[in-house]
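Accompanying notes for the structure given below.
The values are calculated or read from the model by the stated rules, or taken from the named source; none is laboratory data. Note that the structure is predicted; figures quoted are calculated from it, not measured. Quick reminder, even Gly has a Cβ in these numbers, built from the backbone with ideal geometry, and neighbours come from all protein chains shown. For accessibility, only protein heavy atoms count, side chains too; no ligands or nucleic acids. Shrake-Rupley method; radii C 1.70, N 1.55, O 1.52, S 1.80 Å.
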Amino acid sequence: MTEHDIAVIAGDGIGPEVTREALRVLDAAADVYGFRTRRTSYPFGSEHYLETQEIFPDAAFGELRHKDAIFLGAIGDPRVPVGLIEYGIIARMRFELDLYINLRPIKLYDASLCPLKGKEPADVDMVIVRENTEDAYCGAHGFAHKGQPLEVATQTMIYTRAGVERAVRFAFELARERKRKHLTLIDKANAVRAQDIWTRTFAEVALEYPDVETDHAYIDAACMWMVKNPEWFDVAVTPNLFGDIITDLGAMIQGGMGIAASGNLHPGQVSLFEPIHGSAPKHAGKNQASPVAAILAAGMMLDQLGEKAAAAAIEAAVIELLRSRRLKGVGTGMHATSEVGDLVTAELRAARGVPSAR
Ligand code: IPM
Ligand code: MG
């Protein structure tokens, strides 16, 4: 039986409770689809930092490279300096494990979840390919005269030909696999002139994919079109910072932060899966946060691990529960966090006719 070796960082706030439900679903999927997982939990996050001053020790970080996948709940805490844990944990994994794709599917599972008038599941079904290692996130920032009247602050957006090309190529490959075979480049090359490298690289790579229809939108217009005509989008590729912003917008049109999942990928190497939402400290420990995003992130992880049937079944179970109204929604407090785990695991078993838990 295949065994997948998974690192789990449950993290802060609602992270541990949504992770708990995602792992229950993972266990049910393993049981029903015949594979095993071995898991190592790491305590890192804000709470651990406040207690120990430790962010992510190198020895533990080194272990991640040998895992098959990493699952992250959520991190962030207002008691910790801004950015410290984000850069020390999430960004560190993205950069040092070279997780150059942030894959963010935006898929409406049921019309009731969409805040846009008259939009159906067929209208909202896109994937945002966010470049995940460069741009304003690459760490090239600094201050001069800090705290003085003459203070200067800089943050450099860096794009490399190789970095842009591998993201663009990934997006073309993905578009080629989809029904519509349509790929939009989202940038702001008219104002951020360095993004001309995206324009040129996209045009060159496009020549190798004559079967993929290409399109372009500036980020401001793309935000507008995503709300007005989400059905225009199939696959979109975009630099890191715009990808961060537009995927929160995307999360809302698919039902909110309670449902949006993501994969930070380096194809062929260890990859990291997480819900897009943050740690939501004010909801922590109340058993009321939606674990659906975390559950779907676990599904994306299984897909990457090659457990395609189990991955598809997790998504199908969530869709079935939403469409049958057994899952009323993915908002905070609509269901107990643990109840959602119960529903999804039961549905996974029922769909394959496997009697419930041993
Ligand atoms: C995300 C988050 C992160 C980002 C933060 C926590 C650094 O917003 O994954 O979208 O900006 O990438
Ligand atoms: Mg974000």
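Structure notes:
Every residue, every condition in (1) open to solvent by less than 60 Å² (accessible area, probe 1.4 Å); (2) farther than 25 Å from ASN264 by Cβ; (3) of a type in the set (A, V, I, L, M, F, W, C), yes or no:
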{"residue": "ARG193", "(1), (2), (3)": "no, yes, no"}
{"residue": "VAL205", "(1), (2), (3)": "yes, no, yes"}
{"residue": "GLU213", "(1), (2), (3)": "no, yes, no"}
{"residue": "ALA217", "(1), (2), (3)": "yes, no, yes"}
{"residue": "CYS223", "(1), (2), (3)": "yes, no, yes"}
{"residue": "VAL227", "(1), (2), (3)": "no, yes, yes"}
{"residue": "GLY243", "(1), (2), (3)": "yes, no, no"}
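- ASN229 meets the conditions (1) more than 15 Å from ligand 2 (Cβ to nearest atom); (2) within 15 Å of the chain's Cα centre (by Cα) in every case but one. The failed one is (2).
- Selected residue (criterion: surrounded by the most Cβ atoms within 10 Å (Cβ to Cβ)) from residues of region 165-191 that are touching a Ser or Thr at 6+ places or on another chain (Cβ under 7 Å) and within 18 Å of ASP98 (Cβ to Cβ): VAL168
- Boolean, PHE95 is within 16 Å of ligand 1 (Cβ to nearest atom) and touching a Cys at 6+ places or on another chain (Cβ under 9 Å): yes
- Test: residue in region 96-109 that is in a helix (DSSP H, G or I) and open to solvent by less than 60 Å² (accessible area, probe 1.4 Å): no
Rundown of residues vs (1) in contact with a helix residue (DSSP H, G or I) (Cβ under 7 Å, 6 or more places away or on another chain); (2) free of Cβ contacts under 8 Å to residues at least 60 places away in the same chain; (3) within 23 Å of ALA189 (Cα to Cα), yes/no style:
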site: ASP110; (1), (2), (3): yes, no, no
site: LEU116; (1), (2), (3): yes, no, no
site: VAL127; (1), (2), (3): yes, no, yes
site: ASN132; (1), (2), (3): yes, no, yes
site: GLU151; (1), (2), (3): no, yes, no
site: ILE158; (1), (2), (3): no, yes, yes
site: PHE170; (1), (2), (3): no, no, yes
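- Matching residues in region 247-256 - criterion: being farther than 19 Å from ARG94 by Cα and within 10 Å of ligand 2 (Cβ to nearest atom): ALA251
- Subset of region 58-87 [open to solvent by less than 40 Å² (accessible area, probe 1.4 Å), more than 24 Å from ARG36 (Cα to Cα) and away from ligand 2 (no atom under 16 Å from the Cβ)]: ASP77, VAL80
- Residue in region 320-338 that is touching a strand residue (DSSP E or B) at 6+ places or on another chain (Cβ under 6 Å), in a loop (DSSP other than H, G, I, E, B) and either more than 20 Å from GLY15 (Cβ to Cβ) or in contact (Cβ under 8 Å) with a residue 12 or more places away in the chain (or both) present: no
- Looking only at region 250-276, residues that are within 13 Å of ASN102 (Cβ to Cβ), part of a loop (DSSP other than H, G, I, E, B) and within 11 Å of ligand 1 (Cβ to nearest atom) come to 2 in all.
- Here ALA280, ALA297 are screened, and the one residue that is of a type in the set (A, V, I, L, M, F, W, C), more than 17 Å from ARG104 (Cα to Cα) and touching a residue at least 40 places away in the same chain (Cβ under 8 Å) is ALA280.
- From THR247, THR199, residue being in a helix (DSSP H, G or I) and open to solvent by 50 Å² or more (accessible area, probe 1.4 Å): THR199
- Put simply, of ALA350, ALA312, ALA317 the only residue that is among the aliphatic types (A, V, I, L, M) and open to solvent by less than 50 Å² (accessible area, probe 1.4 Å) is ALA317.
- Identity of the residue in region 150-164, over 17 Å from ASN264 (Cα atoms) and assigned to a helix (DSSP H, G or I), that ends up least open to solvent (accessible area, probe 1.4 Å): ALA162
- Assessment of region 287-305 against the conditions (at pLDDT below 95 and open to solvent by less than 50 Å² (accessible area, probe 1.4 Å)) yields no matching residue.
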